[in-house]
Structure formats: structure tokens, C-alpha cells
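The structure appears right after this line, and notes come after that.
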Amino acid sequence: MNTMLLHIVRHAKAEHESPTGEDAGRPLRRRGHRQAEALGAYFASESLRPAIVLASPYLRARETAEHIWTALELLPQLDDRLAAHRSLADYLDVIADLSGAPCAAVIGHNPLCAHLVAVLTQGPTASPARHETARAVSLDVDPSDPVGSARLVGSFRPED
């Protein structure tokens, strides 16, 4: 079994409204930018750093990812399958596509992040636990057979 360390990150704290009125355009709050900076510092300090960080194209996820990409000196990579309007199956497809990476991170939205963690660790009938904004949950997962096989190895959320 070829496993990878997968970090599932919910975007940092965002505004309730966007200037356009569309959910996809909600920016981070000042607090969210501080949280995202702390996430970047956290990942940069880890011995096994994500080699790939994929983010939802929604503004709040992109802004969260920008801090992480900068800290890790990675090029931005967006994946529409991580958008808030997508499905758990889309998130699972992203995980399957990451096969071969020793360490990766995905930045998305709730309830999908919470549901993904539950399904990966407990199986298809799992009930999601709470997944707060700016929370990174770290799993040891087999991307070729992820459902119910992942093991929780850590969790990080910046202090407010």
C-alpha cells in the first residue's frame, strides 16, 4: 500500500457577504488572513511539506491558499472540483488524482471538508464531525482506496 500524508484544509474565516453578492466572491476577513498566514507557517515548519496544494477557485479558498503557496514557494493550483457547489465524489476524485504524491493538501469548503474526513476515516456511512474554518486535518491515506482506510495523524488550527 502506497500511502500519502493528506491535509484537508477548510478555508480561513471569510466575510459573510461578497461585493458582488455571489458566494464565490466572499473574501477573507483580516482574521482569516492571519489564520492563513499561520497555516502557511505551520506547513513550512513541517518535516514532510505538501508538494502539491490544490484549492477551490472560490475567493476565500484562493486567498487562504495564497498564503500557503507563498510559504511553501509553490505555484498556485486551482481545482474546480473543490468548489463549494461540488460533491463529495468530486473531492474523492481529487484525492485519487493525487496518488503518487508523498504529501499534499486540498483547500475547500464545509460541509464537504468535514464529510471527506469522516468518509476517509470511517467509511461511506460516517457522520461528519465539526471542521472549523482554518482547520487542517492530516490523514495517512491510500489514494487508490481511500474510503474508510485513512488514519488521523494530526490536526492544526491557528489560535484566533
Q) Would a scan of the range 55-70 turn up a residue that is over 19 Å from residue 27 (Cβ atoms) and modelled with pLDDT of 95 or more? A) no
Q.
Within the range 42-77, take every residue that is within 30 Å of residue 16 (Cβ to Cβ) and of a type in the set (Asp, Glu) and give me the one that is least open to solvent (accessible area, probe 1.4 Å).
A. 63
Q) With respect to residue 96, is the statement that it is in contact (Cβ under 8 Å) with a residue 24 or more places away in the chain, hydrophobic (A, V, I, L, M, F, W, C), touching a Pro at 6+ places or on another chain (Cβ under 7 Å) and surrounded by fewer than 18 Cβ atoms within 10 Å (Cβ to Cβ) true? A) yes
Q | Any hit, the range 140-160, residues being over 25 Å from residue 27 (Cα atoms), assigned to a loop (DSSP other than H, G, I, E, B) and either among the charged types (D, E, K, R) or under 14 Å from the mean Cα position of the chain (by Cα) (or both) | A | yes
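Between 120, 88, which is in contact (Cβ under 8 Å) with a residue 24 or more places away in the chain and within 24 Å of residue 43 (Cα to Cα)? Talk me through it step by step, then tell me what you get.
On the way: 88 fails: within 24 Å of residue 43 (Cα to Cα).
None of the other options fit; the residue is 120.
Are any of the residues in the range 98-118 at positive phi and either among the charged types (D, E, K, R) or more than 15 Å from the chain's Cα centre (by Cα) (or both)?
Our first condition is that a residue be at positive phi; within the range 98-118, this holds for 100.
From what's left, either among the charged types (D, E, K, R) or more than 15 Å from the chain's Cα centre (by Cα) (or both): 100.
Checking the range 98-118: at least one residue is at positive phi and either among the charged types (D, E, K, R) or more than 15 Å from the chain's Cα centre (by Cα) (or both).
Of 83, 41, which residue is within 20 Å of residue 137 (Cα to Cα) and in contact with a Ser or Thr (Cβ under 7 Å, 6 or more places away or on another chain)?
Working: 41 fails: in contact with a Ser or Thr (Cβ under 7 Å, 6 or more places away or on another chain).
That would be 83, the only listed residue that is within 20 Å of residue 137 (Cα to Cα) and in contact with a Ser or Thr (Cβ under 7 Å, 6 or more places away or on another chain).
Any residue at all in the range 53-68 that is closer than 17 Å to residue 139 by Cα, in contact with a Lys or Arg (Cβ under 7 Å, 6 or more places away or on another chain) and in a helix (DSSP H, G or I)? Full working, then the answer.
If we filter the range 53-68 for residues that are closer than 17 Å to residue 139 by Cα, which is where we start, we get 53-54.
Adding the requirement that they be in contact with a Lys or Arg (Cβ under 7 Å, 6 or more places away or on another chain) leaves none.
No, the conditions are met nowhere in the range 53-68.
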Q. Does any residue in the range 140-160 that is in contact (Cβ under 8 Å) with a residue 24 or more places away in the chain come within less than 8 Å, Cβ to Cβ, of a residue that is among the basic types (Lys, Arg) and surrounded by fewer than 19 Cβ atoms within 10 Å (Cβ to Cβ) six or more places away or on a different chain, and which pairs are these?
A. 140/151; 141/151; 158/34; 160/31
Q. Which of (1) in contact with a helix residue (DSSP H, G or I) (Cβ under 7 Å, 6 or more places away or on another chain); (2) under 21 Å from residue 38 (Cβ atoms) does residue 126 not meet, given it meets every other one?
A. (2)
(Q) Of everything in the range 129-159, what is farther than 19 Å from residue 110 by Cα, modelled with pLDDT under 95 and either open to solvent by 60 Å² or more (accessible area, probe 1.4 Å) or in contact with a Phe, Trp or Tyr (Cβ under 8 Å, 6 or more places away or on another chain) (or both)? Give them in sequence order. (A) 144, 145, 159
Q) Just a yes or no: is a residue in the range 26-42 free of Cβ contacts under 8 Å to residues at least 24 places away in the same chain, more than 19 Å from residue 131 (Cβ to Cβ) and assigned to a helix (DSSP H, G or I)? A) yes
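The values are calculated or read from the model by the stated rules, or taken from the named source; none is laboratory data. All values reported here derive from a predicted model rather than from experimental measurement. No Cβ is skipped: glycine too gets one built from the backbone with ideal geometry, and neighbour counts run over all protein chains shown. Each accessible area value is taken on the protein alone, full model and side chains, heavy atoms only, with ligands, DNA and RNA left out. Shrake-Rupley method; radii C 1.70, N 1.55, O 1.52, S 1.80 Å.
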